[in-house]
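Worksheet: one structure, shown below.
The values are calculated or read from the model by the stated rules, or taken from the named source; none is laboratory data. Everything numeric here is computed off the predicted structure, so don't read it as measured data. Every residue, glycine among them, receives a Cβ derived from its backbone with ideal geometry; neighbour counts consider all protein chains shown. With ligands, DNA and RNA removed, areas are computed over all heavy atoms of the protein, side chains included. Shrake-Rupley method; radii C 1.70, N 1.55, O 1.52, S 1.80 Å.
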Amino acid sequence: MRIIKQAPESVVESGHFCFGCYNQPIKHVNLLDAKTGGLKLIKNFKLREWQAYQLYSEEGWFVMIALYNTKKVCIVQFILYNIHTGEKLHYEKKVLPRSLKIPNGLIDTEARHISKGFDFSIHHNISKAQLALNVKLKGRKGLPSLNAEFKGFHDCDLYTPCVVCLPFTSKKGMYSHKCLMPLEGRIEVGTQEIVFSKESSSLILDDHKGYYPYNTKYDWATALGFDAEGRRYGFNLTDNQVQNQEDFNENCFWLDGEMIPLPPVKFSRPNGVNQNWIIKDKNGKVDLLFSPEMNNSVQLNLILLSSNYHGPYGKFNGHVKSEDGRLFNLKNTFGMGEKFFLRS
């Protein structure tokens, strides 16, 4: 199992990435200081960055929010999904890079996009355990107007994050801060109000930046819920192009604020992306079956830009096991997966 270390002050120090896996926030998220070659303007153009959020309520709601900036393709997204009925409201807009702000770090910063009918504002201050997420969307293309206000309890002393700086090469890498936490808030959609209470709702945050390969591919899965004892849990599992994944990966299971490291995993889909996914490690610590219920997919094929994305929602069954032998069984835990390819 990989070693979890104390976090450095900065992602990049003296021009070099501080590769490692940590259980504390990194104060300075300064990937543009890396000695990857070229001016900062060029490095910024190559740097892919996003913030993504998965929200879950025991009352049967799942929300996906993403502000995604590859500098060539930029997307702002809000998806509301009714787990009981399968009804989905999908708000999405392709935007210009200059209109989408992804900050460097989570200490008194704001992620933001404002355009006609699309207003996203996400303020972080982990030094005060604060996360405020506000979205205002005008009705469009048959979708009703939607207003959402959420408060996340981003207290890293109570809810341990999974923070990583991982190598693609010796000079290029990625940073991610992921954390499972309680949240509360509400969504007004049309004439309906949906309430998320702190006792029965959770949020997983992913603050993410990286110098990804020109041909990028990865498999990813996440889910969150509450067990029979009322304990909040969730997981993050990724298989990507990071080197030496025995020592460098971002796989973990959260339980009541504890972050439990998990080993590298592989995804298999013997009957295609719309049928069951099998997610396993080589030593039996992760053994999950993901059954898609609703698929999101995007295909784009241009000369210099190509993408093939599948992001289904569905349920996970199986188990994960900690290094010290604790077994965590998952039954119909709701979440999502991604099979991702981007040439950009």
Selection status of L342, surrounded by fewer than 19 Cβ atoms within 10 Å (Cβ to Cβ), of a type outside the set (D, E), within 30 Å of K71 (Cβ to Cβ) and at pLDDT below 95: no
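Table: residues versus (1) within 21 Å of N249 (Cα to Cα); (2) surrounded by 18 or more Cβ atoms within 10 Å (Cβ to Cβ); (3) of a type outside the set (V, I, T); (4) touching a residue at least 24 places away in the same chain (Cβ under 8 Å).
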{"residue": "Q6", "(1), (2), (3), (4)": "yes, no, yes, no"}
{"residue": "E13", "(1), (2), (3), (4)": "yes, no, yes, no"}
{"residue": "L31", "(1), (2), (3), (4)": "yes, yes, yes, yes"}
{"residue": "G38", "(1), (2), (3), (4)": "no, no, yes, no"}
May I ask you to verify whether L137 is open to solvent by less than 60 Å² (accessible area, probe 1.4 Å), under 27 Å from A223 (Cβ atoms) and aliphatic (A, V, I, L, M)? yes
(1) open to solvent by less than 70 Å² (accessible area, probe 1.4 Å); (2) in contact (Cβ under 8 Å) with a residue 24 or more places away in the chain: which one isn't true of G325, the others all being true? (2)
Of the residues L80, L166, L158, L96, only one is open to solvent by 40 Å² or more (accessible area, probe 1.4 Å) and at pLDDT 95 or above; which? L158
Of the conditions (1) open to solvent by 10 Å² or more (accessible area, probe 1.4 Å); (2) farther than 17 Å from N236 by Cα; (3) polar (S, T, N, Q), the single one that T216 does not satisfy is (1)
Picked from region 147-174 (must be small (G, A, S) and touching a residue at least 12 places away in the same chain (Cβ under 8 Å)), the residue farthest from Q54 (Cα to Cα) is G173
Output yes when any residue across region 296-317 is under 26 Å from E229 (Cα atoms), surrounded by fewer than 19 Cβ atoms within 10 Å (Cβ to Cβ) and in contact with a strand residue (DSSP E or B) (Cβ under 7 Å, 6 or more places away or on another chain), and no when none is. yes
All positions within region 241-259 that are surrounded by fewer than 22 Cβ atoms within 10 Å (Cβ to Cβ), over 10 Å from L180 (Cα atoms) and in contact (Cβ under 8 Å) with a residue 60 or more places away in the chain: Q241, V242, Q243, N244, E246, D247, F248
With respect to L289, is the statement that it is on the phi < 0 side of the Ramachandran plot, open to solvent by 30 Å² or more (accessible area, probe 1.4 Å) and at pLDDT below 95 true? no
